[in-house]
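Every number here is computed from the coordinates shown, using simple stated rules; none is lab data. Not measured: the values here are computed from a predicted model. As a convention, Cβ positions derive from the backbone with ideal geometry for all residues, glycine included, and neighbour counts pool all protein chains shown.
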Amino acid sequence: MSEVRVLFVCMGNICRSPVAEGVFRKLVEEAGLGGRIRVDSAGTGAWHLGHEPDERAQRSVLSRGIDISDVRARRLVSEDLDRFDYVLTMDEYNLREVRALGDGKTVVRPFMDYHPDPEVTEVPDPYYGAEDGFAEVLDLVEAASERLLEEIRRERLFRGR
């Protein structure tokens, strides 16, 4: 069975999407699915190419035992729409930017579609805010990640079993 590939997308790939990448990767590994689900992140902008995640993002996930210091910012490219099965965006702006790259074989949708509260539609960008904005991002990402993993297990990995 082929691996499922998941890409998280935010604006600069230094705050929200690296947090999502780290949280989801940890969930995948804890579920024993590390060899079956590949996780990555990217940004729609090129401001921070090659940079580590924001220090506040790194501290927030480290408080939950997740290390994202090896993540390096990269820009989303049109080929990602063919390489990944899921491209999940943090907000409406990034959703439009991804869709502007064209049509691929991937599922492109807001990441918060997986959040248990239907009123939650976006992950707010914490870049210009205080430390508590990163804690909010982490909480939102964790809740949505659990439901995303459930869907992937049900629809992609264990369908028909």
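Could the peptides 51-59, 38-46 be put in order, highest first, of the mean number of other beta-carbon atoms found within 10 Å of their residues?
For the peptides 51-59, 38-46, the packing ranking is 38-46, 51-59.
Determine, from the Cβ-Cβ distance of Glu92 and Glu3 and an R0 of 30 Å, the FRET efficiency 1/(1 + (r/R0)^6), rounded to the nearest 0.05.
Rounded to the nearest 0.05, the efficiency is 0.55.
If R0 is 25 Å, what FRET efficiency do you get for Ala135 and His51 from their C-beta distance, rounded to 0.05?
According to the calculation, E is roughly 0.70.
Compute the length gained on full extension between Glu150 and Val77: take 0.36 nm times their separation in residues and subtract their Cα-Cα distance, giving the result in nm to one decimal.
Additional length available on full extension: 23.5 nm.
In the chain, if every C-alpha pair distance is counted and binned at 5 Å from zero, what percent goes to each bin?
In whole percents, the pair-distance histogram is 2, 10, 20, 24, 23, 15, 6, 2, 0, 0.
Using a Gaussian network for the chain with springs between C-alpha atoms less than 10 Å apart, which of these wobbles most: Val98, Val108, Val120?
Most flexible of the set in this elastic network: Val120.
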